[in-house]
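Student: Take a look at the following structure, please.
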Ligand SMILES: *Cc1c(COP(=O)(O)O)cnc(C)c1O
């Protein structure tokens, strides 16, 4: 057994990031400035979007986008319960209603048919999450949005770099949808990090302009220009904006992380392949869903326990791994089970039966590029040992898993 605890997640920070921050600090320019501009430019090139606006979190990004579309109290935004608190709280900031619809049992992503069924005259937007880095059903979601004249905001907090049918998540659409944006997160444990940070990608110039103004106090020009030769002392406040700008210190980390994003993704994909190789034949677990027309960012490795094959529940499974010095997590406690949403909307656990059922058997394994081969093997050994100890049955025939693609 390994002698030290393997954390569930760690950022991949090396000397290069440290040197970039040091250089930024000594440059004297700490807040939003040339490094943020450079980060936005390179991120836009990387995903192929028209406008990229750096902010200090994905939560801020989604808040700004909803402000820009003028979300009103009583409006509805259709979203998934299978996500982090941020996805729905931004809707509540406006007194609007997040309408949770159930997820697909294989992918954990929004079920388009459920989305269509939930549309009312109050619906303004659809807010899908690309969970774990596996793209949501974008063709179907955009088709619904076009037919019903709805905005789409993609919560892409897990999805850099992911691809849907050969196109990067965040890339501009071939046939643009008005009022559409994709929001990324650079939180410490996401696939690339700036400590805290986020990015708004959109082809909608008016939306990008409004977000940029509201990012910094509703001031109608970029603050940093005021202090440079090309700027002047004059500015105008046109709305009660926010303080959501990214710092140049953060962007200097982001630029280095961006340059190694593909290498880090490849490493996570290798780890995922090793897990699948080790566990795919075990009847006590179910492998994460994949589809061959999508590139998975592998932000999370969402294993599922077939609890009827085990003598222990999920909580003890987590405990067993912890005793073997392996950190794990659970993604996510569905939002309709959380006291705030449960009580506000009178939601019952089985209102969204798939989300509830799949959550109860989910366990996320460590998958980050900083893990060594020995770390990966330790996770595999700990999981196999736990399965062998607590499996109910005689080991059944290896299950042949078919990699199905959703139409
Ligand atoms: C992390 C996360 C967010 C929030 O990102 P921040 O940058 O921390 O605001 C939003 N949605 C999902 C699905 C996340 O996992």
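Student: For segment 122-240, which fully contained helices (runs of 4 or more DSSP H) count at least 3 residues that are touching a residue at least 60 places away in the same chain (Cβ under 8 Å), under 22 Å from the mean Cα position of the chain (by Cα) and under 25 Å from residue 253 (Cβ atoms)?
Tutor: 205-215
Student: Taking the criterion of being within 16 Å of the ligand (Cβ to nearest atom) and either under 30 Å from residue 369 (Cα atoms) or under 21 Å from the mean Cα position of the chain (by Cα) (or both), would at least one residue in segment 23-30 satisfy it?
Tutor: Scanning segment 23-30 turns up no residue that is within 16 Å of the ligand (Cβ to nearest atom) and either under 30 Å from residue 369 (Cα atoms) or under 21 Å from the mean Cα position of the chain (by Cα) (or both).
Student: Could you please find all residues in segment 77-91 being touching a strand residue (DSSP E or B) at 6+ places or on another chain (Cβ under 7 Å), more than 9 Å from the ligand (Cβ to nearest atom) and assigned to a helix (DSSP H, G or I)?
Tutor: If the condition is that a residue be touching a strand residue (DSSP E or B) at 6+ places or on another chain (Cβ under 7 Å), more than 9 Å from the ligand (Cβ to nearest atom) and assigned to a helix (DSSP H, G or I), then 88, 91 are the ones that fit.
Student: Looking only at segment 38-76, filter to residues that are in a strand (DSSP E or B) and within 18 Å of the chain's Cα centre (by Cα); which one of those is nearest to the ligand (Cβ to nearest atom)?
Tutor: Taking the candidates together, the pick is 55.
Student: Quick one: residue 237 ticks every box in (1) within 16 Å of the ligand (Cβ to nearest atom); (2) more than 20 Å from residue 98 (Cα to Cα) except a single one, so which number is it?
Tutor: Against the list (1) within 16 Å of the ligand (Cβ to nearest atom); (2) more than 20 Å from residue 98 (Cα to Cα), residue 237 comes up short only on (1).
Student: Can you name the condition, by its number, that residue 266 falls short on among (1) part of a helix (DSSP H, G or I); (2) touching a residue at least 40 places away in the same chain (Cβ under 8 Å)?
Tutor: Only one criterion in (1) part of a helix (DSSP H, G or I); (2) touching a residue at least 40 places away in the same chain (Cβ under 8 Å) is unmet by residue 266, namely (2).
Student: Go over the candidates 99, 115 one by one and state the one that is buried (at least 24 other Cβ atoms within 10 Å of the Cβ), more than 16 Å from the ligand (Cβ to nearest atom) and without any contact (Cβ under 8 Å) to a residue 40 or more places away in the chain.
Tutor: Working: 99 fails: buried (at least 24 other Cβ atoms within 10 Å of the Cβ).
When all the criteria are applied, what remains is 115.
Student: Can you say whether residue 21 is touching a residue at least 40 places away in the same chain (Cβ under 8 Å) and assigned to a strand (DSSP E or B), as far as the supplied structure shows?
Tutor: Taking the combined requirement at face value, the residue does not satisfy it.
Student: Output yes when any residue across segment 280-302 is in contact with a helix residue (DSSP H, G or I) (Cβ under 6 Å, 6 or more places away or on another chain) and in a helix (DSSP H, G or I), and no when none is.
Tutor: No, because not a single residue in segment 280-302 is in contact with a helix residue (DSSP H, G or I) (Cβ under 6 Å, 6 or more places away or on another chain) and in a helix (DSSP H, G or I).
Student: Are any residues in segment 24-37 out of contact with any helix residue (DSSP H, G or I) (no Cβ under 9 Å at 6 or more places or on another chain) and part of a loop (DSSP other than H, G, I, E, B), and if so, which ones?
Tutor: Result: 28, single match.
Here, each number is a calculation from the coordinates, and none is a lab measurement. Just so it is clear, the model here is predicted, and its values are computed rather than measured. Counting neighbours? That spans all protein chains shown, and the Cβs are built from the backbone with ideal geometry, glycine included.
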